[in-house]
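So the structure is just underneath, and the comments pick up after that.
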C-alpha cells in the first residue's frame with residue numbers, strides 16, 4: 001500500500017514535459033534553485049551542500065521532473081550533464097592534491113599522520129565487515145560488491161560542518177589543532193583505498209575469474225600509473241608560470257591541466273574497453289597527484305589556486321545538485337530493508353572513525369582529549385564521498401553496457417544502491433554533525449563558556465564554495481602563512497570554515 005501511494009505521488013507527470021527542457025535550460029534551473037537555497041541554509045545554519053542535495057532531489061527526475069533522466073543522460077540530443085560530474089571530480093581531486101605541500105606535512109608531525117591512517121582504515125574495516133555480514137544475511141538487499149565499495153567510501157571525511165562550529169564558537173585547543181591536519185590528509189588515504197576496492201568490486205561483479213592479477217596486480221598498477229601520469233601533468237603545469245605572468249593566463253593553465261588529466265584518463269578507459277590495456281586510470285588520483293606536484297614545484301601555486309577557486313564554484317554547485325537528482329527515494333518503497341543498510345553504514349562508519357582515532361591517539365600518546373573527542377568531529381561526509389559514489393555508479397554503468405541479461409541489471413543496480421546509501425548518509429551526517437561537534441568541543445573545554453551562552457550567528461557559507469577541499473585550500477594557505485610568523489598553534493586557531 002505504501003509503495004503504491006509513493007509511486008502515485010512521486011511518479012506524477014513532471015511540471016514541464018521533459019522534451020521541452022534541454023541541458024542548458026536544466027543547468028539554469030539547477031543554478032537558480034541552488035542560489036535560492038543558500039539563503040535558506042544560511043538562516044538555519046546548515047552547510048550549503050545539504051541544500052544542494054535537497055534541491056537536486058526535488059527538481060530531479062524522481063520528484064518534480066524539471067531535470068529528466070533524458071537530460072541527465074543526453075538522450076534528448078542536447079548533450080548529457082554527466083560531463084559536469086567528471087569535471088567537478090577533477091577539480092575536487094586537484095584541490096586535495098594542493099593540500100600536500102611537503103613543508104606543511106613536516107609541520108603536522110607523526111601524531112596526526114598516524115591518527116589519519118588508523119581512523120580511515122578502521123572505518124573501512126568496520127563498514128566492510130558489517131555490510132559483508134548483511135550481504136550474507138540479506139543478499140537481496142546488499143551485495144558483496146556494494147559492501148566493499150561502501151567500506152572505501154567510509155574513509156572520506158568532510159569537515160565543513162565541523163569547522164563551521166569551530167569558527168562560530170572560536171574553539172581552540174589540542175583537539176582543534178589536531179583536527180585540521182587530519183582532515184587534510186584523510187581524503188588522500190580514502191582515494192587510494194577506493195581505487196583498490198572499486199577495482200576488486202568491478203572484477204567480482206563482472207564475473208571475471210578471481211586471480212592475483214585481477215584483485216592485486218592490476219589495481220596496484222592502476223594506482224601507480226595514475227600517480228605517475230599525475231606527476232607528469234603537474235610538472236608540466238609548474239613550467240607554465242615561467243612564461244605566462246598574467247593572472248588570467250595562469251588560471252587558464254590550471255584549468256587546462258585538470259581537463260588534460262581527465263582527458264588522459266578517458267583515453268586509458270577507451271584503450272581498456274578495446275582490451276588494449278588491462279586497466280584504466282583513476283580520475284581522482286591523477287588530478288590529486290597533479291595538484292600535489294604543482295604545489296611543491298611552484299612557490300606561487302597557492303596564489304594561482306586562489307584565482308582558480310573563483311572559477312570552480314558554479315561547477316561544484318551544479319555537481320552537488322545533479323548528485324541529489326540521482327537519489328531515487330522510490331528504492332525505499334520497493335525495498336524498505338535498504339534502510340537497514342543505510343543505518344548500518346552510518347553506525348559502523350562512526351564506530352570505525354571513533355575507535356580508529358582512539359587507537360591512533362593511544363599509539364602516539366596524544367592528549368586524552370584527542371583520544372576521547374577528536375573522532376566525533378570526523379563523522380560528517382560530503383564532497384569526496386559523493387564524488388566516489390558518482391564515479392562508482394558511472395563505472396558500473398559502463399560495465400552494465402558491456403554485459404547482458406541479469407548481469408547488466410545487477411551492475412546497474414549496484415551503482416544506484418551505492419549512490420542512494422551515500423546520499424542519505426551525507427544528509428544525516430550534515431544535519432547531526434554540527435550538534436555532535438559542538439558537544440565534543442565543549443566537553444573538551446575548547447569552547448569558552450561565554451561563547452556557549454551567547455547565541456552567535458552561524459559562520460557564513462557562501463554559495464560559491466560547495467566543496468570542502470576547495471575552501472580548505474585557502475584556509476590552509478592562511479594557516480601556513482600564520483604559522484611562519486606566529487607558530488603552528490595560532491595558525492590552527494585561525495583556520496576557517498571549510499565547505500563540504
Conditions (1) over 15 Å from residue 316 (Cα atoms); (2) modelled with pLDDT of 70 or more; (3) in contact with a helix residue (DSSP H, G or I) (Cβ under 8 Å, 6 or more places away or on another chain); number of the one not met by residue 43: (3)
When residues of region 382-410 are limited to those that are under 30 Å from residue 364 (Cα atoms) and at pLDDT below 80, the one farthest from the chain's Cα centre (by Cα): 382
First in region 422-439 and farther than 16 Å from residue 48 by Cα, second anywhere and in a helix (DSSP H, G or I) and modelled with pLDDT under 80, Cβ under 7 Å, 6 or more apart: 437/161; 437/162; 437/165; 438/165
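Let's see how each residue does on (1) touching a helix residue (DSSP H, G or I) at 6+ places or on another chain (Cβ under 6 Å); (2) modelled with pLDDT of 75 or more; (3) surrounded by fewer than 21 Cβ atoms within 10 Å (Cβ to Cβ):
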| site | (1), (2), (3) |
| --- | --- |
| 76 | yes, no, yes |
| 88 | yes, yes, no |
| 107 | yes, no, yes |
| 131 | yes, yes, no |
| 139 | no, yes, yes |
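Taking the condition under 26 Å from residue 379 (Cα atoms), in a helix (DSSP H, G or I), modelled with pLDDT of 85 or more and within 16 Å of the chain's Cα centre (by Cα), does residue 341 pass?
Answer is no for this residue.
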Leading residue by the ranking (nearest to residue 83 (Cα to Cα)) among those in region 219-230 that are touching a helix residue (DSSP H, G or I) at 6+ places or on another chain (Cβ under 9 Å) and surrounded by fewer than 16 Cβ atoms within 10 Å (Cβ to Cβ): 228
Selection status of residue 235, in a helix (DSSP H, G or I) and surrounded by fewer than 18 Cβ atoms within 10 Å (Cβ to Cβ): yes
Tally of residues being over 19 Å from residue 390 (Cβ atoms) and assigned to a helix (DSSP H, G or I) across region 269-290: 6
Any hit, region 190-213, residues being at pLDDT below 75 and on the phi > 0 side of the Ramachandran plot: yes
Total residues in region 242-262, condition farther than 18 Å from residue 310 by Cβ and either crowded, with 17+ Cβ neighbours inside 10 Å or in contact with a helix residue (DSSP H, G or I) (Cβ under 6 Å, 6 or more places away or on another chain) (or both): 3
Qualifying residue in region 437-444 (condition: more than 16 Å from residue 377 (Cα to Cα) and surrounded by fewer than 24 Cβ atoms within 10 Å (Cβ to Cβ)): no
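Have a look at 294, 320 and point out the one that is out of contact with any strand residue (DSSP E or B) (no Cβ under 7 Å at 6 or more places or on another chain) and within 26 Å of residue 149 (Cβ to Cβ).
Just one listed residue meets the conditions, 320.
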When residues of region 306-339 are limited to those that are touching a residue at least 60 places away in the same chain (Cβ under 8 Å), touching a helix residue (DSSP H, G or I) at 6+ places or on another chain (Cβ under 7 Å) and over 29 Å from residue 23 (Cα atoms), the one surrounded by the fewest Cβ atoms within 10 Å (Cβ to Cβ): 334
Pairs where the first residue, in region 80-93, is in a loop (DSSP other than H, G, I, E, B) and the second is at pLDDT 80 or above, C-beta under 6 Å, 6+ apart: 81/322
Total residues in region 364-396, condition touching a residue at least 12 places away in the same chain (Cβ under 8 Å), in a helix (DSSP H, G or I) and either closer than 16 Å to residue 179 by Cβ or out of contact with any helix residue (DSSP H, G or I) (no Cβ under 6 Å at 6 or more places or on another chain) (or both): 12
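The values are calculated or read from the model by the stated rules, or taken from the named source; none is laboratory data. Since the structure is predicted, the reported quantities are computational estimates derived from the model, not experimental observations. We place every Cβ from the backbone using ideal geometry, glycine too, and count neighbours over all the protein chains shown.
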